[in-house]
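The values are calculated or read from the model by the stated rules, or taken from the named source; none is laboratory data. Everything numeric here is computed off the predicted structure, so don't read it as measured data. Here the Cβ positions follow ideal geometry from the backbone for every residue, glycine too, while neighbour counts run over all protein chains shown.
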Amino acid sequence: MLLAIDVGNTNTVVGLFEGDKNIGTWRVRTVEDATADEYWVFLHNLAVGSGPLERLKVAGVIVSCVVPPLRGALEELSTRYLKTVPLFVGPGIKTGMPIRYDNPREVGADRIVNAVAAYEKVKGALIAVDFGTATTFDYVNEAGEYEGGAIAPGVKIAAEALFHQASKLFRVELIAPSRVIAKDTASAIQSGIIFGYASLVDGILLKMFEELGTRPRVMATGGLARVIAAECKLVDQIEDDLTMDGLRILYRRNRPGG
C-alpha cells in the first residue's frame, strides 16, 4: 500500500493506493503547526472506511510539500508510525521529465507532479491548469519536457482580498450564478469571481497558444477545477486526482524495481 500526501498552502490531499488503484482520497485544511501525532490521528480517522492503517500495511510514503515547516512532522509520521522512510518530491528525485526552467529548483513540487501525471495521460503536448492556492499553468512539450508556465493568484485568494478590502461586500458560495448581469449583490460577486476567473484562464491559454503557434491539450485539476473550468471554453478535460496519480508515478520511478 502506498500513502501519497500533497501538502498545499491551503489544503492537504491524502491518497491511498493499492498498486495502481486509488482506494481513497481525502482533502483537509493545511495546518502549518500540525504535529506527527496529529497527522497519525487524522490518517486513522480518514481511513476508517478502509480499515485501520496498521492492517492496510502501508509500505511506502511519498510527499509533495510546499509548506517547509511541515516537512519534519511528515517525516516523523512516516518513520515513527509507518516504519518507512518517506520520499519527498524535490531536487534530486527522478521525474523522467527534463525541466527546461532557467532554475529547475524554483519549480514547485506540485507543478512537477501535475506535469508528470498529465503527460502520462496525454502522451503529447499539454498545458496543466491547477486551481489551488495559486492558479498555475504548466506547459509540457510533445517530447515530454517541462517548459515553464504562468502563476496567477488563486480564486479564493482574490475573493478574500475583495471581502477584506471592500467593507460592504461579503463572502459568498463559490458557484456560478445563472446570469452574468446579476440582479443582487451575492450573485454579482459570484459573477465577477467565477466568470472573471474563467475569462482569466481562457485569456492566458490563448496567449500561450499564440506564443506556441499550436493548440496543445488543456487539463485542469485542483479544488475549484470543476467550478471554474466548467465556465472555460479552452479546458479539454478535468482530472480531480491528477496530483495523486503523479505522486504514485513518481514513487514507482524512484523505488528499486519501479
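Figures for the structure shown
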{"quantity": "Looking only at segment 190-227, and only at residues there that are within 14 Å of ALA150 (Cα to Cα) and not hydrophobic (A, V, I, L, M, F, W, C), the one that is surrounded by the fewest Cβ atoms within 10 Å (Cβ to Cβ)", "calculated": "GLU211"}
{"quantity": "Conditions (1) among the charged types (D, E, K, R); (2) buried (at least 17 other Cβ atoms within 10 Å of the Cβ); (3) part of a loop (DSSP other than H, G, I, E, B); number of the one not met by ARG248", "calculated": "(3)"}
{"quantity": "Single residue of VAL113, VAL58, VAL63 found to be surrounded by 16 or more Cβ atoms within 10 Å (Cβ to Cβ), in the same structural domain as ILE157 (by TED's automatic domain parsing) and either closer than 27 Å to GLN237 by Cβ or not aromatic (Phe, Trp, Tyr) (or both)", "calculated": "VAL113"}
{"quantity": "Breaking point among (1) touching a helix residue (DSSP H, G or I) at 6+ places or on another chain (Cβ under 7 Å); (2) assigned to a loop (DSSP other than H, G, I, E, B), for GLU142", "calculated": "(1)"}
{"quantity": "Lone qualifier among VAL235, VAL180 - being touching a helix residue (DSSP H, G or I) at 6+ places or on another chain (Cβ under 8 Å), assigned by TED's automatic domain parsing to the domain that holds LYS156 and either at positive phi or crowded, with 19+ Cβ neighbours inside 10 Å (or both)", "calculated": "VAL235"}
{"quantity": "Some residue of segment 69-84 being touching a residue at least 60 places away in the same chain (Cβ under 8 Å), crowded, with 21+ Cβ neighbours inside 10 Å, under 18 Å from the mean Cα position of the chain (by Cα) and under 28 Å from MET208 (Cβ atoms)", "calculated": "no"}
{"quantity": "Test result for ALA186, of a type in the set (Gly, Ala, Ser) and within 13 Å of ILE127 (Cα to Cα)", "calculated": "no"}
{"quantity": "Residue count for segment 153-163, restricted to those that are closer than 28 Å to ARG215 by Cα and surrounded by 17 or more Cβ atoms within 10 Å (Cβ to Cβ)", "calculated": "2"}
{"quantity": "Residue in segment 211-220 that is part of a helix (DSSP H, G or I), closer than 24 Å to VAL28 by Cβ and more than 24 Å from the chain's Cα centre (by Cα) present", "calculated": "no"}
{"quantity": "Long-range neighbours under 9 Å by Cβ, at least six apart or interchain, first residue closer than 10 Å to LEU2 by Cβ within segment 15-30, second of a type in the set (Ser, Thr, Tyr) and assigned to a strand (DSSP E or B)", "calculated": "GLY15/THR25; LEU16/THR25"}
